[in-house]
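The values are calculated or read from the model by the stated rules, or taken from the named source; none is laboratory data. Just so you know, these numbers come straight off a predicted model, no measurement behind them. Cβ placement follows ideal geometry from the backbone for every residue including glycine, while neighbour counts extend to all protein chains displayed. The accessibility values were calculated without ligands, DNA or RNA, using every heavy atom of the protein model including side chains. Shrake-Rupley method; radii C 1.70, N 1.55, O 1.52, S 1.80 Å.
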Amino acid sequence: MLLAAGAGRRMGGPKALVELDGEPLVRRALRALAGGGCAPLVVVLGAAAEQVRSRLPAEVLPVVAPDWSEGMGASLRAGLQALDELDPRPDAALVHLVDLPGVTAAAVARLAARSGQDALVRAAYDGRPAHPVLIGRSHWARVRSAATGDAGARGYLAGHPGLSLLECGDLAEPDDVDTPEQLARYRAE
């Protein structure tokens with residue numbers, strides 16, 4: 001599941017539409033998810049929903065979070081609800097953010113390999129927790145209840161005894177791009 005609903009105020013527009021190396025960040029993130037073995041692919045939209053939707057591959061399920069402006073929590077709730085309504089329902093959701101262009105298909109695959117109904121796995125980079133996050137279906141209802149504001153699942157994950165960190169620093173970079181300056185530095189690498 002890709003969270004791509006934000007307005008990107010510091011970026012000057014929705015980050016899903018920002019291009020890196022001639023490719024919108026939304027397509028780059030979807031490529032990492034698909035390459036890592038994730039299916040079905042769900043993208044949560046909000047700001048500029050129709051513009052972002054027009055850039056999605058046909059096999060992607062777009063979900064609009066009507067309350068997207070409340071923050072990442074609203075997007076996470078909408079995405080998990082959409083996954084819960086699929087038939088068949090997936091065992092787990094691998095939650096990825098659109099503004100993480102350094103997350104690779106290899107990192108996604110490493111997390112996806114831990115998939116299961118009770119999975120609760122977070123990517124770590126040099127031991128520091130980050131994204132993506134794998135959330136098994138048995139956690140979805142409680143994560144939806146806890147997801148508020150821009151915290152997403154952070155409150156639920158913090159101190160959860162079942163949470164595992166999975167080192168991905170050898171496969172990906174966790175740095176997000178929130179401003180044009182950060183994106184420019186990323187391009188320079």
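Counting heavy atoms of the protein chains alone, GLU23 has an accessible area of about 40 Å² for a 1.4 Å probe.
Taking only the alpha carbons of the chain, we obtain Rg and Dmax values of 15.1, 43 Å in that order.
For the residues ALA47, ALA172, ALA113, a GNM of the chain with alpha-carbon springs under 10 Å puts the largest fluctuation on ALA113.
Rolled with a 1.4 Å probe across the full set of protein chains, the surface gives ARG27 an accessible area near 90 Å². Close amide H contacts of LEU134 (hydrogens built in the peptide plane, cut-off under 5 Å, sequence separation of 5 or more or a different chain): VAL95, VAL121, ARG122, ALA123. The residue among VAL63, ALA106, ALA7 whose Cα reaches farthest toward the positive pole of the charge dipole of region 5-152, with charges on the beta-carbon of Lys, Arg, Asp and Glu, is ALA106. Entry note, the chain: relative contact order of 24 percent, from Cα contacts under 8 Å with a spacing of 6+ residues.
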